[in-house]
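Q: Before anything else, here's the structure in question.
What follows draws every value from the coordinates through simple rules; no lab data is involved. For clarity, every value in this text was computed on a predicted model and none was experimentally measured. Neighbour counts are summed over all protein chains in view; Cβ atoms, including those assigned to glycine, are modelled from backbone coordinates with ideal geometry.
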Amino acid sequence: MRKYLILIAALVVAIDRLTKAMVIAKIPLYREVDVIPGLFRLVHLENTGAAFSLFADIPGPWPGRLLLLVSLIAVGVIVFFLWKLGEQLNVLTFCLALFLGGTLGNLWDRILYGRVTDFLDFYVGQHHWPPFNVADSAIVVAAILLAAHVLLMPAAHSQENQR
């Protein structure tokens, strides 16, 4: 089963790399392309912060270095758990594969460029969700699936796991 989990993570990284490369090649930095006016547009932004531009406004090199360190630790932890649980293909391992792919996609940018390309911009009127990318999407989808799985898991199954 590990090969399928690695394939899932690799697909996330490949799609993330491809979409970022297309945005960089086709949309000048800080420009926008309306896709669905009033709801969705493609933008080309370079984010030196964490997800959703957290810490991007903090001056100096330490935020970027801290994000690199946290990302490297996260990859190590995810790989460890995938290796331990990798004989199974279930919600947990699928989510771990998505987390790994998303983390590696953004880590790639941070290591090579010191920033991450964001380009998906959803908004309604003046209300904006911070721009993000495919790697961010994989991480958020994994978190939502994992939370839903834990919260919606039948009580009997939950009690079985506690024994």
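Q: If the reach is capped at under 13 angstrom between alpha carbons, list the aspartates and glutamates near residue 3, excluding any in the same chain fewer than eight residues apart.
A: 87
Q: While we're on this one: Can you sort 80, 122 from fewest to most other Cβ atoms within 10 Å of each residue's own Cβ? Could you put the intermediate results ahead of the total?
A: On the way: 80 11, 122 14.
By the 10 Å Cβ count, ascending: 80, 122.
Q: With a ≥ b ≥ c the root eigenvalues of the C-alpha gyration tensor of segment 77-126, is it rounded (a/c under 1.5), prolate (a/b larger than b/c) or oblate? Don't skip to the end; give the middle numbers.
A: Numbers: a/c = 4.82, a/b = 1.64, b/c = 2.95.
Verdict is oblate for segment 77-126.
Q: Let me ask something else about it. Run the numbers on segment 2-162 and let me know its relative contact order in percent, using alpha-carbon pairs under 8 Å that are six or more apart. All intermediate terms of the calculation are to be shown ahead of the outcome.
A: Numbers: 216 pairs, mean separation 49.8, N = 161.
Contact order relative to length: 31 percent.
Q: Given the Cα-Cα distance of residue 83 and residue 36 and 0.36 nm per residue of separation, how much length would full extension add, in nm?
A: Separation in residues times 0.36 nm, less the Cα-Cα distance, equals 12.7 nm.
Q: A further question on this structure: Given 0.36 nm per residue, what is the gain on full extension from residue 75 to residue 115 after removing their alpha carbon distance, in nm?
A: Working: separation 40, 0.36 × 40 = 14.40 nm, distance 1.78 nm.
Extra length available between residue 75 and residue 115 comes to 12.6 nm.
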